[in-house]
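For reference, the structure discussed in these notes is given below.
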Amino acid sequence: MKSLLSCFLLLAVCWSLPLAAQSPADEVIAEGIEAYRAERYEEALRAFEAATAADEENAEAHFLLARVLFDTPLRDEGRAGRSIARARELDPDNLQYMVAQLQQLRTDTWNFFQELLRTQARLELAQKILEQDPSNSFAHEEFGAYHIRDFWRYRNAISINGLAFSSGQPDDQRFSFDDEGSQVAQIDDPSQPIGIADRDPVGNPEQGFPVEWIDPGTLAMSDRLDLDALDDQGAPIQDLSARADRAYNRAIGHLETALASDPRRRPVYTHLMRLYALGEQWDEALERLSPMIVFFPDDAEMWQFVGLTNHRLGRDDAADVAFGEALERMDEETRAVFEDISLLLPEEEQRLYREDPETVTRRFWTSENPRFLTPYNERRLEHHARLTYADLMYNSEDLDLPGWATERGKIHVRYGRPQADVVILSGGEGGFQNILEGYVGRDPAFESNWAATQGNSFNIWDYGDFRFVFEDPGMQGEYRLYSPPADLFAATGMGAVERMDYEMIARQTFRELPERYDYQPAGRLVGLPYLVTAFKGASARTEVYVHYGIPIAATFDPEAEDVVDVTVKTGAFLINDERDLLVERRRTLYGLNASQVESFEQTMLWVDTQPMEAPPGSHSVSVEFETVGGGTAAVQRREIEVPDFTGDALALSSIMLAYLVEETDETRIPGLVVRDGLAIQPAPWSVFNHTQPIYLYFEAYNLSLNGGRTDYEVEAQLRPKDTSSGLARLARSIFGGGDRGVSTAYERQSDRSDEGQYAILDVLDQEPGIYTLTLRITDRHTGRTVEETTDLYLE
């Protein structure tokens, strides 16, 4: 596939050719360019090969041969490298040739040392380009990417034992800006290969290292990845964040210069996004994305960046729109990754997911949605943001893997960002790997392996209750889960080493906890009290009422003001045990009626009720509200059991606690529940002031009729909650005591087998505390009894 750069170069060559060819080589070159533009790449290859054969000294022919061997499906990096090297040998100061060679030097390498040499060559070449063209975007991109790698490496890094590998930049800063802020990098000594930082002697007071190294054999196996434990035992730990700050500023400078020179240089935006994400600079990222939207409106990855940035800024509505745009523009393979939830499911649900992915996916997102009140699913947004972040940060060019397919990427998708993310650079004789794997009696021969004991770094992700440790043996950023070498298992036994085997630990963690998401709203999160009551409904349905109270400012005076001047969104939602959303009740209230405000010792609540119908069974209720603008929000979720009132046995509804019950001819009154000719002002929680009466509304079902009339007794009893032991409770029942409380009882006759009633309890003389309320119905015709109990608090 042709790159934009190769198209530009070939067109430039084509335009520069004279109308009449000056030599056989030039004529063949022109034919090759025409074939290349028509995407007849094999024909173009033959033409450029013929041109180099006809005129071996023709630098342009070698250059074009390199491009067709590098930018097309005929890719042959070895031949392309030799061809561009020959072109530069013939014309070493040609800017286009230097840029083309710089591109080729960016290809992957397979070991640490080769990458060091390749990095040195790229930086030297980028400097030469800038000497000719100080604003060259390709060269500035190279320096920007280089400093990003340094920032990535050192932003959260520490060094053990004083010697750390640099990514090509020892502490004296081989590449630096001059005092005037020039963006052209200078190499202090180009002949010196970029590699290992200078070694500081052990005990150098300027480095702050202890004179004595710790003996790894004295460390418990469980302490060797505990940085606090290492520090306590004298491990020489050096913070490298200052170096990271320098790298960040330099990367920004180069990349901004690259975009100023070529604002359509697409890879630079990805570099900047990676840099902003690493530094948590999301405001800067959003500003940089503005021109990207203009230049690349159909770029799916750009929309992912917009979604990620807005999500990190707490602008979930904008993130939802952006991720939607990205999904529409993704190729099928990438969209499938964003829609796949197999990584998040426990093992027992994997089979169901394979059989019916659509249903399992819908139910998963319903059950994981932390707020049904919003038009988007915050958990799904987090998933899309994690995928985008993982691909941005953890992609493996060497293994040709997107970030979400690498080990660190998958763990990030499962659990998000860790609480602590530390890189340990394992330099020096007796470095961190020796601390990690050394033990008394182990054959010291392993320490003589330089690559094993020095050429490694470790990345610790700590989530609080579990952690993961990765290693990068090749020092190329290709991290994998750490597992101790085989001889450690053999010498110390499985039990001692398995606590450090993070391949095993990861598998166990995935089984026990396949994913984690802790929702944090953008605004202030407050409590939202609510009660749920259930009554017999039409057919086989049960009528469910959700009574809730919105906290309001203590300065509000319901006697002096008619309306609480605030706009809120409220919602009540019912989810069944198969994780289907059955009922949605959403409202936007422009001001809250003062007549619905109830005052308590510690707060004031605006009280309201949302009715709904539900089938009997296990369900979840979610009650939510937020102020418009997102300043305050509340989410409360609870498992409930919706009773089945369709049988013919004596039954009793829930007890609807209320502040007032009155007779009414109305069928609907705002803020009140109307049932069976009664207007009920329900309580949103089980808290009452002892100076006010407690109203109880309830319904009895299937009362027996004798001569067309029912005859039943109602008894309501409020007693202090019994928290004593079984023995004390038995003694009190025998010898008396605990007579505090209040009760009421009355008899009732009617001509209906289903009837609503209410009772009133006067609690004026009761002490504050927790009480148990018992409501009992006795059918005097049959002697059958049914009762309900609930706890409440008197303040």
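The values are calculated or read from the model by the stated rules, or taken from the named source; none is laboratory data. Remember, it's a predicted structure, so these values are computed and weren't measured experimentally. A quick note on method: Cβ atoms are made from the backbone with ideal geometry, for glycine too, and the neighbour counts reach across all protein chains shown. Side chains are part of the model used for accessible areas, which takes the heavy atoms of the whole protein and leaves out ligands, DNA and RNA. Shrake-Rupley method; radii C 1.70, N 1.55, O 1.52, S 1.80 Å.
If we sort 687-698, 357-368 on the protection proxy, mean other Cβ atoms within 10 Å, highest first, what's the order?
687-698, 357-368
When Lys and Arg each count +1 and Asp and Glu each count -1, what net charge do the other residues less than 10 Å away from residue 757, Cβ to Cβ, add up to?
Summing Lys and Arg as +1 and Asp and Glu as -1 gives -2.
Temperature 4 °C, viscosity 1.567 mPa s: under these conditions the Stokes-Einstein estimate for region 612-680, based on its Kirkwood radius over C-alpha pairs, is 84 µm² per second. Per-residue 3J(HN,Hα) values for region 404-414, derived from phi via the Karplus relation 6.51 cos²θ - 1.76 cosθ + 1.60 with θ = phi - 60°, read 6, 9, 7, 5, 5, x, 4, 5, 5, 5, 5 Hz in sequence order (x marks Gly and Pro). Can you give the local net charge around residue 89? Use residues other than it whose beta-carbon is closer than 14 angstrom to its beta-carbon, Lys and Arg +1, Asp and Glu -1. Cβ neighbours under 14 Å give a net charge of -2. Applying a DSSP loop filter and a limit of 16 other Cβ atoms within 10 Å to the trypsin sites (Lys or Arg not before Pro) in region 89-126 leaves 106. Our coupling estimate for region 507-523, obtained by passing each phi through the Karplus curve with A = 6.51, B = -1.76, C = 1.60 and θ = phi - 60°, is 4, 5, 5, 4, 5, 7, 8, x, 7, 9, 8, 10, 6, 10, x, 5, x Hz, Gly and Pro reported as x.
Counting only protein heavy atoms, what percent of the accessible surface of region 354-401 is carbon or sulfur at a 1.4 Å probe?
Ligands and nucleic acids excluded, carbon and sulfur reach 42 percent.
Listed by chain and number, the aspartates and glutamates placed with their C-alpha closer than 18 angstrom to that of residue 721 are 739, 762, 765, 767, 787, 788, 791, 795; residues fewer than eight positions away on the same chain are left out. Annotation: per residue accessible area for region 296-434 equals 41 Å², rounded to a whole number [probe 1.4 Å, protein chains only]. From the alpha carbon centroid of region 619-633 to that of region 349-381 is 20 Å. Tell me which trypsin sites (Lys or Arg not before Pro) from region 512-547 have a DSSP coil assignment and no more than 16 other beta carbons within 10 Å of their own. Answer by residue number: 516, 541. The equivalent ellipsoid that matches the C-alpha gyration tensor of region 339-405 spans semi-axes of 25, 18, 8 angstrom, in descending order.
3J(HN,Hα) along region 602-615: 9, 7, 10, 10, 8, 9, 8, 9, 10, x, 7, 10, 8, x Hz, from the Karplus curve 6.51 cos²θ - 1.76 cosθ + 1.60 with θ = phi - 60°, whole Hz, x for Gly and Pro.
Summarising the amide proton neighbourhood of residue 75: residues at separation of 5 or more, or on other chains, whose placed amide H is nearer than 5 Å comprise an empty set. Rg/Rh for region 546-619 stands at 1.09; both radii use Cα atoms, and Rh follows the Kirkwood definition.
Can you give me the % of accessible surface on region 552-614 that is carbon or sulfur? Probe 1.4 Å, all protein chains present, nothing else counted. Carbon with sulfur: 42 percent of the solvent-accessible area.
Relative to one another, the C-alpha centroids of region 646-708 and region 76-147 are positioned 82 Å apart. The chymotrypsin sites (Phe, Trp or Tyr not before Pro) of region 568-642 that meet both conditions, a loop assignment by DSSP and at most 16 other Cβ atoms within 10 Å of the site Cβ, are 600. Relative to its residue count, region 316-435 spans a Cα convex hull of 163 Å³ per residue.
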